[in-house]
Amino acid sequence: MSKRYAIDLDVSKCVSCGACAVACMDQNDLNVKQTRPFRNVFDMERQEGEGTTYSHLSLACMHCVDAPCIVGCPSACIQKDPETNLTVFDTTNCIGCHSCAMACPYGVPGFGPDGKMVKCDGCYVRVHHGLKPACVKACPTGALRLIDLDGPEEIAPENSLRHRSMEMLSKQV
Amino acid sequence: MRYGIVGFGTAGYHAAQAIREQDKAGEVHVYGDTGLAPYNPMLTTYYIFGKLPRSGLFPFGPLEEVADRLGLTLHHERVQKVRAQDLAVETERGVQRYDKILIATGATAFAPPVKGLSPQDAHLMRTVDDAQRLKDRLDRGDVRSAVVVGASMAGIKVVEVLEKYGVRVCLADLAPHIFPLAAYPEVSAAIEKRVAKRGIDLRFGATIDHMELWNGQKTAVMTDGSVVPADLVSLCIGTRAATQVVQGEVDIDRGILVNERMETSAPGVYAAGDCAQGVNLESGEKQIIGLWANANRQGAAAGANMAGGEARFEGNILHNITHFMDMDFIGFGDNRIQGELLEQGALDGDGLYVRAVISGGRVAGANILDSYRISGILKNYMLRLFAGEGGSLPDYQRAMLLQAGLRAEFIDRMEVMTRG
Ligand SMILES: Cc1cc2nc3c(=O)[nH]c(=O)nc-3n(C[C@H](O)[C@H](O)[C@H](O)COP(=O)(O)OP(=O)(O)OC[C@H]3O[C@@H](n4cnc5c(N)ncnc54)[C@H](O)[C@@H]3O)c2cc1C
Ligand code: SF4
Ligand code: SF4
Ligand code: SF4
């Protein structure tokens, strides 16, 4: 049975510990001297008016339902995995044009030493085998989740990074 | 239902795909005059360069595979006319009637004739044939000099190809600067410096006037009287929407006028891609935005609506990313609009440079050099402002911009200036 998955963050639970980012590098054998890590962890403090806001975030590909990077790629390198609906890629014909980066409103696509695009693929092979993505498995607080888009809400919408960014995403072309 | 799709580029492909998602049983008839799978015109220069095999020009696979996958009936024929009143498609072989018709004929490269230029030395760059012709010519190894007319994104890619083949290249344009429709003059000047450093002969305010033979060397005589050796001439001057098939049948300006549903003025007739003129979200006016992603979005919306769906594509802004000669140039919005300037980085330095022009509480335009990483978020910000949203970046976008090297002061200033 094919499913529609995405990876989402419960921002109320994230403590910016970085376990997800480390697990991802390990899982993907990433040489971070050459390639930017797929998962980005932030601990951001901001003065806003009178108060201070704190953001604890872990951001990698959001596996958008209507993914702008897919529409933008001139070589059709980026696609939806039919089994999981995760945003996967085959960069055999990638020309390194950076159009996917210009299309992605999260700033996700990165590039390897060969100039070809790389990013989080949702650990779709693990998911095919009933496993959780490496970052999700490593998250000690349960903030990072593989969510079934057709199942019940697992994260309260006000805390869900996916929900919070839907309006923003709908404006991207 | 019977659907007719006229022109099988990426707009036609995306329409066919969207129709199939909603209507598994309907007949989808596709007319194409190339006999080839949908190809991407922007990949032509990459093929000649050697970055892609010929098959790479066809992102969606070979024609038979595409037809199989989407259940299409192919017509390898040039459409002569589409009659809006009775929804009929005319070809040399006859007339076919449909319930819905999509015009997805794209655009053609055009160039006025140049006196003295022999047809075999004149090259355009759009079709698979154009690419193959130039590649074959360059592979012969007898091209030592060339003039490229048109300092556009397409022109610079052709220059890059010629440079790779060791050809002495002159790039000329009547405009005063490179990328005149997208770059601010200061940014153009910086790009020109970099291009000139590589040994490309740049000439602005001039174009080719005619060709002459000088001591046996084919030579371009420019409008300013100067002369340049030119074994071949590449004309990247402009494109024209291919609207002839519906001339007099639907409302046409520069392109076929469409609404957010991709409907033309005639019921049952839709248009999408480079032949269509949709909304520019910045000006609110209708304008052809001849870009790959735009053709895909328009095609998908048209297809969904033809099959009875409710899809809207509100429009787009001018946006361009050109990766060439180890640099990235990104241009957003209307570069003619003046306003307050926001800038970070040095034009003659390495790394991220960004220049944004703020006018009326919106980011009217932006140029970025060498930072693809901030481009998607900045474009999104512009789009949200044009849609009437207030100026503030969500924390995850701010965090990614900071990580990519955009300074907090730049972001803060941009937010304040666009808060409305
Ligand atoms: C050199 C170059 C560089 C580019 N660079 C970029 C870039 O960097 N980024 C970007 O976003 N875009 C770029 N573009 C633009 C982009 O390629 C187009 O916007 C997009 O491919 C348009 O697709 P389309 O389906 O509307 O048209 P087309 O690809 O033109 O397809 C139309 C098809 O219809 C067929 N046809 C036309 N008339 C008839 C008829 N009467 N009967 C039957 N068939 C017919 C044509 O043969 C063609 O196959 C570039 C284009 C060029 C040429
Ligand atoms: S647009 Fe960005 S976040 Fe969305 S699927 Fe593509 S790369 Fe992932
Ligand atoms: S860089 Fe590669 S993956 Fe990204 S849009 Fe260009 S061809 Fe596609
Ligand atoms: S899903 Fe896999 S590839 Fe993506 S961020 Fe997590 S560990 Fe990395």
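No lab work stands behind these numbers, since they all come straight from the coordinates. Bear in mind the structure is a predicted one, so any value in this text is a computation, not a measurement. Cβ coordinates were reconstructed from backbone atoms using ideal geometry, including for glycine residues, and neighbour counts include every protein chain displayed.
Taking the protein assembly as shown, how much of its Cα-Cα pair set, in percent, is spaced more than 48 angstrom apart?
Numbers: 22838 of 175528 pairs.
The proportion of pairs with Cα distances above 48 Å equals 13 percent.
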*Highest-fluctuation residue, B:Val30, B:Val95, B:Val159 considered, GNM on chain B with Cα pairs under 10 Å*: B:Val95
*Column: log10 I(q)/I(0), Debye, Cα scatterers of the range B:306-375, q = 0.15 Å⁻¹*: -0.57
*Set the Förster radius R0 to 51 Å, insert the Cβ-Cβ distance between A:Val65 and B:Arg144 as r into 1/(1 + (r/R0)^6), and round the FRET efficiency to 0.05.*
0.45
*So how far, in whole Å, is the C-alpha centre of the range B:124-180 from the one of the range A:124-173?*
46 Å
*Label points 7 Å out from Cα along the Cβ direction at B:Gln85 and B:Glu415: separation in nm?*
6.1 nm
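What does the extension gain come out to for B:Arg312 and B:Val95, with contour length at 0.36 nm per residue minus their alpha carbon separation?
Values: separation 217, 0.36 × 217 = 78.12 nm, distance 3.08 nm.
Extending this stretch completely gives an extra 75.0 nm.
Dipole magnitude of chain B about its Cα centre, charges +1 at Lys/Arg Cβ and -1 at Asp/Glu Cβ only, in debye to the nearest 20? Walk me through the numbers before you get to the answer.
Values: 44 positive and 51 negative charges, 72 e Å.
Computed charge dipole of chain B: roughly 340 debye.
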_At 0.36 nm per residue, and after removing the present C-alpha to C-alpha distance, how many nm does the segment from B:Gln244 to B:Glu64 gain when stretched out fully?_
62.0 nm
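Please give me the summed charge of the neighbours of A:Tyr54: other residues whose Cβ is under 12 Å from its Cβ, Lys and Arg +1, Asp and Glu -1. Can you show the working numbers first?
Working: positive: A:Arg46; negative: A:Asp43, A:Glu45, A:Glu48, B:Asp395.
Residues close to A:Tyr54 contribute a combined charge of -3.
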*Can you tell which of B:Gly331, B:Tyr396, B:Gly50 lies farthest toward the positive end of the dipole of chain B, using +1 and -1 charges on the Cβ of basic and acidic side chains (Lys, Arg; Asp, Glu)?*
B:Gly50
_Pairwise label distance in nanometres, A:Lys132 with A:His163, each label 7 Å out on the Cα-Cβ vector_ = 2.0 nm
*What net charge is computed for the residues neighbouring A:Cys123, neighbours being all others with C-beta under 10 Å from the C-beta of A:Cys123, Lys and Arg scored +1, Asp and Glu -1?*
+2
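Which entries in the list A:Lys171/B:Lys135; B:Lys286/B:Lys379; A:Lys3/B:Lys24; B:Lys81/B:Lys115 go over 30 Å, if you measure between the two C-alpha atoms of each?
Values: A:Lys171/B:Lys135 40 Å; B:Lys286/B:Lys379 20 Å; A:Lys3/B:Lys24 21 Å; B:Lys81/B:Lys115 33 Å.
Pairs exceeding the cut-off: A:Lys171/B:Lys135; B:Lys81/B:Lys115.
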*Once you treat every alpha carbon in the range B:109-238 as an equal point and sum by Debye, what is log10 I(q)/I(0) at q = 0.12, 0.16, 0.19, 0.22 Å⁻¹?*
-0.41, -0.74, -1.07, -1.43
*Size of the range B:186-305 along its principal axes in angstrom, Cα-based, largest extent first?*
61, 34, 21
*Please report, for the Cα atoms of the range B:266-307, the Rg to one decimal and the Dmax as a whole number; what are they, in angstrom?*
10.5, 31
*asked:* Can you compute the FRET efficiency between B:Leu36 and B:Glu186 using 1/(1 + (r/R0)^6), with r the Cβ-Cβ distance and R0 = 41 Å? Round to the nearest 0.05.
replied: 0.45
*Picking from B:Pro113, A:Val71, B:Tyr184, whose Cα lies most toward the positive end of the charge dipole for the protein assembly as shown (charges on Cβ: Lys, Arg +1; Asp, Glu -1)?*
B:Pro113
*Just how large is the dipole of the range B:112-212 about the Cα centre, in debye to the nearest 20, putting +1 at every Lys and Arg Cβ and -1 at every Asp and Glu Cβ?*
260 debye
*chain B: antiparallel DSSP beta bridges as a percent of all, rounded to 5*: 55 percent
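State the percent of C-alpha pairs, over all pairs in the range B:326-417, separated by a distance greater than 23 angstrom. Walk me through the numbers on the way to the answer.
Numbers: 600 of 4186 pairs.
Value for the range B:326-417: 14 percent of Cα pairs lie more than 23 Å apart.
Might you report the magnitude of the Cβ-based charge dipole of the range B:326-417 about its Cα centre, with Lys and Arg at +1 and Asp and Glu at -1, to the nearest 20 debye?
On the way: 9 positive and 13 negative charges, 66 e Å.
Using only the charged Cβ atoms, the result is roughly 320 debye.
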*Tell me, what is a quarter of the convex hull surface for the C-alpha atoms of chain B, in nm² with one decimal?*
21.6 nm²
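Starting from the eigenvalues of the Cα gyration tensor, five times each then square-rooted, give me the equivalent ellipsoid semi-axes of the range A:5-170, largest first, whole Å.
Numbers: eigenvalues 123, 68, 59 Å².
Gyration-tensor ellipsoid for the range A:5-170: 25, 18, 17 Å.
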